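Take a look at the structure below.
The values are calculated or read from the model by the stated rules, or taken from the named source; none is laboratory data. Only a predicted model underlies this, so the values are computations on that prediction, with no experimental measurement involved. In this analysis, Cβ positions are derived from the backbone assuming ideal geometry, glycine residues included, and neighbour counts consider all displayed protein chains.
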Amino acid sequence: MKVSRGLESGSARVTAPCTTANLGPGFDVFGLALEAFHDTVQIQLSPQRGVKLEVTGLCAASLPTEPELNSAGLVARNLLGKLEIETGVRVRLEKGIPVGKGLGSSAAGAAAMIVGLNHLLELNLTKNELVEIAAQGEVASAGVAHADNVAAAVLGGFTFVQSYSPFSVVSLAAPPRLEVAIAIPEIPSPPNKTELARRVLPDKVPLEKVAQNVGGAASIVAGILSDDIGLIGKGMVDGIVEPARSRLVPGYSQVRQAALRAGAEGAAMSGAGPSMIAIVDNAKVSPANVAEVMKAAFESVGVRCWALTSRTARGATLMKG
């Protein structure tokens, strides 16, 4: 396919939310969009071919501006090449999501980029196509095209990847009383942290652990569909990925147990970490209190931390003006 019609000018500004992935048993499958932080991408079509990327905002100096090393830039480069589009793009990525904290920082840029280009180039991509193309941007940071974070960043709410081949994603609205307590520890994050976190995963998994995770994942989806936050929380137990990654997060067990004791329905590592999340029914328990208890648990093991709460968010959105 080749697109060449009138693409010398035009601009779009798109904002995309932070996300939390996995929710315990849903590795590379579950995602949840959160209001807490956003990235914004300003895209300008240009008659000069290629992708030129500028990064501003949080941790801007430490982030690559080479398109092939940045999730947003990689999405743009791949799409322009695939469609043989005889134009270029100039991109400003404004970072508002903390980098390397397990909150979908790379996914937000990729999501905003594909939504913006879909609008500017009048591609009329389906939601599956939007997410699948955005997932290719994750190769820049994770080494693989995982779609859990980008699905939530593109579509909003709760999402799950039904299949990677053929690609299919499902989006669902989260229960209105569901709120998320977030604890973000101040520990150094190495470059390509997500890729490193994937390397510690086991090569072989006992069948009983697989069965445990399938049951947990089913409980989460059932809880989403039935507005049963307690059922969601009961499903947030991972016997495969979190045990392998937990040693990368000082205080993991203390923080998780503190959240549950404070009344959270469930708690888990956020994506590849090190942030921790807890799912709260805000009609029963104060999300802010749960967040503060999680913060205190991190600090009890000598890790500085900041805590906040968030409701679920809509997906990547074109901004006016």
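Can you tell me which residues in the stretch 278-295 are part of a strand (DSSP E or B) and closer than 20 Å to T19 by Cβ?
Hits for the stretch 278-295 are A278, I279, V280.
Looking for whichever is more than 21 Å from A33 (Cβ to Cβ) and modelled with pLDDT under 95 here; the options are G273, G321. Which one fits?
It is G321.
Step by step: first the residues of the stretch 128-152, then only those that are out of contact with any helix residue (DSSP H, G or I) (no Cβ under 6 Å at 6 or more places or on another chain) and assigned to a helix (DSSP H, G or I), then the one that is surrounded by the most Cβ atoms within 10 Å (Cβ to Cβ). Which residue is that?
Here the residue is A152.
Between G263, G216, G271, which is farther than 21 Å from G104 by Cα and not in a helix (DSSP H, G or I)?
G263
Can D203 be described as acidic (D, E) and either more than 28 Å from G143 (Cα to Cα) or surrounded by 21 or more Cβ atoms within 10 Å (Cβ to Cβ) (or both)?
For D203, the condition - acidic (D, E) and either more than 28 Å from G143 (Cα to Cα) or surrounded by 21 or more Cβ atoms within 10 Å (Cβ to Cβ) (or both) - is not met.
Which pairs do you get when a residue that is closer than 22 Å to L63 by Cα and in the same structural domain as A291 (by TED's automatic domain parsing), found in the stretch 184-212, comes within reach of a residue that is at pLDDT 75 or above and exposed (fewer than 13 other Cβ atoms within 10 Å of the Cβ), reach meaning Cβ atoms under 6 angstrom, with the pair 6+ apart or on two chains?
Listed by first residue and then by second, the contacts come to E186/R304.
Would you check if F160 is in contact with a Gly (Cβ under 9 Å, 6 or more places away or on another chain), surrounded by 13 or more Cβ atoms within 10 Å (Cβ to Cβ) and aromatic (F, W, Y)?
So F160 passes the test.
Scan (1) more than 21 Å from G31 (Cβ to Cβ); (2) surrounded by fewer than 24 Cβ atoms within 10 Å (Cβ to Cβ) for the single condition R311 breaks and write down its number.
(1)
Would you call A283 touching a Lys or Arg at 6+ places or on another chain (Cβ under 7 Å) and surrounded by fewer than 17 Cβ atoms within 10 Å (Cβ to Cβ)?
yes
Sort through A259, A217 and tell me the only one that's modelled with pLDDT of 95 or more and within 21 Å of the chain's Cα centre (by Cα).
When all the criteria are applied, what remains is A217.
Looking only at the stretch 245-288, how many residues end up being of a type in the set (S, T, Y) and in contact (Cβ under 8 Å) with a residue 60 or more places away in the chain?
Number satisfying all stated conditions: 2.
When you check A181 against the structure, is it modelled with pLDDT of 95 or more and surrounded by 24 or more Cβ atoms within 10 Å (Cβ to Cβ), yes or no?
yes
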